[in-house]
Amino acid sequence: MLKLYVIRKDKIMDKFETIKNNISENEPTRNNLLKAVTNFKLSTKALQKITGLDPEWLNSYLNKRASVHDLSYQSMAELSNLSFMLSDAITFVDNDDRIKGIIDILKEEFYISYETIALYAKIDVIDVEKFIEDTKSIGFEKKYKIATISSLLLYLSKK
């Protein structure tokens, strides 16, 4: 989670129109967060939960009354990356490739094997291996099982 080191005590502005009017090309992090709010209908409450930022500071930041420089360097970098993912990057990656990426993380970081994924998904390990080699080689039902189990395992592994 992001840590806020300086909290502005500005009054919260929660008017959607105010947020919408604050998109600026000079501030990519703020701009990306505002894109997530306006283009993908991500509520500011959801954004606060995802980022872990103080709600008052986040609303002030979105309304140009706080600066990203109020955060630590690490938190600024994390917020920048997260804002990019929430604004556009999620849509850039094919769903099958995203699941393959999740499986790679499970395998490399958490030592979860294809066999483990297959057992939880109640499919043959060969189906997971085929999916990794060529995502079109298995049917949608098996892809769905692989995707849901892999996503759940990643969620559980990150706790």
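The values are calculated or read from the model by the stated rules, or taken from the named source; none is laboratory data. Just so it is clear, the structure is predicted and the values come from calculations on it, not from any experiment. Counting neighbours? That spans all protein chains shown, and the Cβs are built from the backbone with ideal geometry, glycine included.
Laid out as a table, the results:
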| read-out | value |
| --- | --- |
| Index of the failed condition, residue 112 passing every other in (1) more than 18 Å from the chain's Cα centre (by Cα); (2) under 28 Å from residue 30 (Cα atoms); (3) touching a residue at least 40 places away in the same chain (Cβ under 8 Å) | (2) |
| Some residue of the range 43-53 being among the hydrophobic types (A, V, I, L, M, F, W, C) and outside any helix (DSSP H, G or I) | yes |
| Residue check for residue 104: surrounded by fewer than 18 Cβ atoms within 10 Å (Cβ to Cβ), without any contact (Cβ under 8 Å) to a residue 60 or more places away in the chain, in the same structural domain as residue 68 (by TED's automatic domain parsing) and part of a helix (DSSP H, G or I) | no |
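Each row is one residue, and each column tells you yes or no for (1) among the aromatic types (Phe, Trp, Tyr); (2) free of Cβ contacts under 8 Å to residues at least 60 places away in the same chain.
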| site | (1), (2) |
| --- | --- |
| 36 | no, yes |
| 40 | yes, yes |
| 48 | no, yes |
| 57 | yes, yes |
| 69 | no, yes |
| 72 | no, no |
| 76 | no, yes |
| 94 | no, yes |
